[in-house]
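Chemist: One structure is given below, represented as structure tokens, and several questions about it will come after.
The values are calculated or read from the model by the stated rules, or taken from the named source; none is laboratory data. Keep in mind that what you see is a predicted model, and the values were worked out from it rather than measured. Methodologically, a virtual Cβ is constructed for each residue, glycine included, from the backbone with ideal geometry; neighbour enumeration extends over all protein chains shown.
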Amino acid sequence: MKPFVPSYDEAVSAITKADSTPVYFTNENHLHHKVDLLKSTFGNRVKIFYAMKANYNIGILNALKNAGIDGLDTVAPYEVLLGKKIGFKAKDILFTGNSCSTDEINFVHDQGVILNIGSISELRRFGENHKGASCALRLNVDIGAGECDFVVTGGEDTKFGISDKDHDEALKIINNHNLKIIGIHAHIGSGFYEKDSFIAGIQGVLERTLKFSNQLDFVNFGGGFGIRYNTHKDPINIGDWAKSALPIMNDFAATQSDDFHYRFEPGKFLVGESTCLLTKITMIKPERKTIFIGTDTGFNHLIRPALYQSYHEIINLTAIAQNRDTTNNLTVVGNVCESGDIFANNIPMPEPRESDILAIISAGAYGQSMSTIYQLRPPAAEIMMMKNGSISVTKTRKSFDELYAFIQ
Ligand SMILES: Cc1ncc(COP(=O)(O)O)c(C=O)c1O
């Protein structure tokens, strides 16, 4: 399935429902398709724990729940609380915090949620405070991959996961405090496209697993499946990845109990392509080398291009609907008072005009969830096109009074 690009009419309906732009516009069908795809590809032994850091919109969480995800991967205490609020049981929530304070560790443990612990420091404090408790271990299996350096989470010198050099120390703590290791986990990075990295990650985890326990409830291979930010590229061939992975996974599973299961915890793969950010052109400013196309959104709503120099295709829905000819050398920028507020440099687009509707595609992961109220602009409204075609508001745009309450 290609990333969601609404028709001009669908975009107008979404904007009308939200009163104005900017709007994160999600296609519920897309969410269901991605869950179905992972489940049918990897089979019953694999559970899908959605990494809700990618997008915690309540409509999206409910849609994924209805689509059949098995649980949530959380990274912060309030994510745990939100997961519970929308109906996930503690046993179906995993907490993969990092750099956790002891208070945070205790809070999550008291919620009945299993902690997935990725450093000696946190493991020691967990053991001291919760002798005999169950937990999972996040390992660094010395393999990293991802869309850009900032999102690689495995390999040499990373803050994530217990490295090989620390295994003996981890085992000492586990024995001293009688901890029960029920799961082993590694997440090598976010947005990778090579089957080889995926398989190496799986092998890396399985090779290290038995050191810690031979009676596990689960092995968790993390998330990170790459998505497309461009409608011209084919999706990764997940079926081919599974063909290589499943024999390795099945061999290991045969050594475990019948209740043993695997987990993936994708964020991006489930939600990234389901959503675009709709914005309107508010300014056209020809300069010497480029024509700036100003919009009514910015890096306060979608920070990935400014933070990671990431690419998102930008489609002028109005100009396409009107069959306009192409203009080259356009730089699409936001309305934040910062010169780094750029969505795309020197791109072509059918001739832009003020008030045209643009769709910034594949903005469903790490868009909404990383947005801020910098310069006191409210977050974008969030709208979903439901499976039955109706349009529903999943998050309203906040008023000044609501922002004022938040900042006090
Ligand atoms: C521990 C963990 N699990 C899962 C994810 C989700 O990654 P992605 O959204 O690329 O699937 C992340 C994100 O980096 C992560 O840190």
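This table checks each residue for (1) within 18 Å of Pro6 (Cβ to Cβ); (2) without any contact (Cβ under 8 Å) to a residue 40 or more places away in the chain; (3) crowded, with 19+ Cβ neighbours inside 10 Å.
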| residue | (1), (2), (3) |
| --- | --- |
| Ala359 | yes, no, yes |
| Tyr366 | no, no, yes |
| Ser371 | no, no, yes |
| Leu376 | no, yes, no |
| Pro379 | no, no, no |
| Met385 | yes, no, yes |
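Chemist: So which residues in the range 260-276 are within 16 Å of the ligand (Cβ to nearest atom) and either touching a strand residue (DSSP E or B) at 6+ places or on another chain (Cβ under 6 Å) or among the hydrophobic types (A, V, I, L, M, F, W, C) (or both)?
Modeler: Tyr262, Arg263, Phe264, Glu265, Pro266, Gly267, Phe269, Leu270, Val271, Ser274, Thr275
Chemist: Mind listing just one residue for me: the one in the range 220-240 that is outside any loop (DSSP other than H, G, I, E, B) and within 14 Å of the ligand (Cβ to nearest atom) and, of those, surrounded by the fewest Cβ atoms within 10 Å (Cβ to Cβ)?
Modeler: Ile238
Chemist: Which condition number in (1) surrounded by fewer than 24 Cβ atoms within 10 Å (Cβ to Cβ); (2) under 23 Å from Gly294 (Cα atoms); (3) touching a residue at least 24 places away in the same chain (Cβ under 8 Å) is the one that Thr394 fails?
Modeler: Here Thr394 clears every test but (2).
Chemist: Sort through Lys17, Lys34, Lys39 and tell me the only one that's part of a helix (DSSP H, G or I), away from the ligand (no atom under 15 Å from the Cβ) and within 22 Å of Ile238 (Cα to Cα).
Modeler: Only one candidate passes the filter, namely Lys39.
Chemist: Can you tell me which of (1) of a type outside the set (Val, Ile, Thr); (2) more than 16 Å from the ligand (Cβ to nearest atom); (3) at positive phi is the one Ser257 doesn't meet?
Modeler: (3)
Chemist: Sticking with this structure for a sec: If you check Leu72 against the conditions, is it touching a residue at least 24 places away in the same chain (Cβ under 8 Å), assigned to a strand (DSSP E or B), under 30 Å from Gln256 (Cβ atoms) and in contact with a Phe, Trp or Tyr (Cβ under 7 Å, 6 or more places away or on another chain)?
Modeler: No, not satisfied.
Chemist: Now for a different question. Of the conditions (1) within 16 Å of the ligand (Cβ to nearest atom); (2) part of a loop (DSSP other than H, G, I, E, B); (3) more than 23 Å from Phe4 (Cβ to Cβ), Ile202 fails just one. Which one is it?
Modeler: Of the numbered conditions (1) within 16 Å of the ligand (Cβ to nearest atom); (2) part of a loop (DSSP other than H, G, I, E, B); (3) more than 23 Å from Phe4 (Cβ to Cβ), the odd one out for Ile202 is (2).
Chemist: Looking at the structure I just gave you, is Gly204 within 19 Å of Leu270 (Cα to Cα) and out of contact with any helix residue (DSSP H, G or I) (no Cβ under 6 Å at 6 or more places or on another chain)? Break it down stepwise before answering.
Modeler: Details: within 19 Å of Leu270 (Cα to Cα): no; out of contact with any helix residue (DSSP H, G or I) (no Cβ under 6 Å at 6 or more places or on another chain): yes.
No; evaluated as a whole, the condition is false for this residue.
Chemist: Let me ask something additional. Within the range 364-392, take every residue that is in a strand (DSSP E or B) and aliphatic (A, V, I, L, M) and give me the one that is farthest from the ligand (Cβ to nearest atom).
Modeler: Among those that are in a strand (DSSP E or B) and aliphatic (A, V, I, L, M), it is Ile391.
Chemist: Could you run through the range 60-81 and say how many residues are more than 16 Å from the ligand (Cβ to nearest atom), surrounded by fewer than 18 Cβ atoms within 10 Å (Cβ to Cβ) and not polar (S, T, N, Q)?
Modeler: Residues flagged as more than 16 Å from the ligand (Cβ to nearest atom), surrounded by fewer than 18 Cβ atoms within 10 Å (Cβ to Cβ) and not polar (S, T, N, Q) within the range 60-81 amount to 3.
Chemist: Before we move on, is Asp157 more than 16 Å from Asn98 (Cα to Cα), assigned by TED's automatic domain parsing to the domain that holds Ile114 and away from the ligand (no atom under 16 Å from the Cβ)?
Modeler: No, not satisfied.
Chemist: Condition (residue is within 16 Å of the ligand (Cβ to nearest atom), in contact with a Gly (Cβ under 8 Å, 6 or more places away or on another chain) and modelled with pLDDT of 95 or more) applied to the range 279-301: is it met by at least one residue?
Modeler: Step one: filter the range 279-301 for residues within 16 Å of the ligand (Cβ to nearest atom), giving none.
No: zero hits.
Chemist: Pick from Asn98, Asn29, Asn57, Asn44: which is modelled with pLDDT under 95 and away from the ligand (no atom under 14 Å from the Cβ)?
Modeler: Of the residues listed, the single one that is modelled with pLDDT under 95 and away from the ligand (no atom under 14 Å from the Cβ) is Asn44.
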